[in-house]
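The values are calculated or read from the model by the stated rules, or taken from the named source; none is laboratory data. Keep in mind that this is a model prediction, so the values were computed, not measured. Using ideal geometry, Cβ is built from the backbone for each residue, glycine included, and neighbour counts are taken over all protein chains shown.
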Amino acid sequence: MGFLNNTTVTVDAILTKKGRELLAQGTNAFNITKFALADDEVDYRLYDTSHPNGTDYYGAVIEAMPLLEAFPDENHVMRYKLVTLPKNTIKMPVLSVQPASVIFTAGGGLGQPPVTVTPVTANVADSAYTFVLHDQSLAGMVVVTPAGGAGGGATTPFFLGDDDVPNSKTLVAKSVRITVIPLSANSTTTGKSTQLTIIGNDTGATSSITITNNVILVQTVS
């Protein structure tokens, strides 16, 4: 959703394919139960505390920035969601992930060892994380370190696009293991990539890494 301009409070809502299907079924099927807010179009570095006209103008540039129109592409909108943190928090949580990317090489074949992905949140602690593998046809994902008594999922919503939903996999854990799945020789000869999105269940901090699979299934004829 987005404001169309800065003078009239008009909300533009774009439904995904699934949303249109539910709306066509009637009001009982289309029922909004959760929503998220984001400030993707705001660059807080433009907040100018040295403005010569005083405090009323510190955020003048930010307030004059154009606002985005709505479009249902999770790669470009709702990337910086607003989160609720404890009252005395003085620093924003920063989520770092090791490794920064996962690459399965063609020469390594199926013998390549699994890769353990471990996130760490700085400034504010996360008891567990939600891992969203966008396309599990390219890689496998299993829990390494369980979430223990943590909640059932991220407190900040994360939305997948219509193309990602059928092949996605979600786990709640402290760390996960990524394994290689060979690609069909008929589907590609150059490898494929997908995203692994990690969300802190307590802080809402989000990060993502790229998983690249270059292992092609070799078909032999006897």
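General remarks:
- Listed conditions (1) touching a helix residue (DSSP H, G or I) at 6+ places or on another chain (Cβ under 9 Å); (2) closer than 21 Å to F131 by Cα are all met by V61, apart from (2).
- Residue count, the stretch 21-56 (criterion: farther than 17 Å from R79 by Cα and surrounded by 11 or more Cβ atoms within 10 Å (Cβ to Cβ)): 8
- A single entry from E69, E63 fulfils the requirement of being in contact (Cβ under 8 Å) with a residue 60 or more places away in the chain and more than 30 Å from V115 (Cβ to Cβ): E69.
- Pick from the stretch 75-105, criterion aliphatic (A, V, I, L, M), in a loop (DSSP other than H, G, I, E, B) and more than 15 Å from F158 (Cα to Cα), ranking: modelled with the highest pLDDT: A100
- Some residue of the stretch 25-34 being at pLDDT below 80, closer than 17 Å to F71 by Cα and within 27 Å of the chain's Cα centre (by Cα): no
- Filtering the stretch 100-158 to residues that are farther than 17 Å from G191 by Cα and of a type in the set (D, E) leaves only D126.
- Here is the figure for the stretch 91-131: residues that are under 16 Å from Q195 (Cβ atoms) and touching an Asp or Glu at 6+ places or on another chain (Cβ under 9 Å) total 2.
- Residue check for T49: of a type in the set (S, T, Y), touching a helix residue (DSSP H, G or I) at 6+ places or on another chain (Cβ under 9 Å) and either touching a residue at least 24 places away in the same chain (Cβ under 8 Å) or in a loop (DSSP other than H, G, I, E, B) (or both): yes
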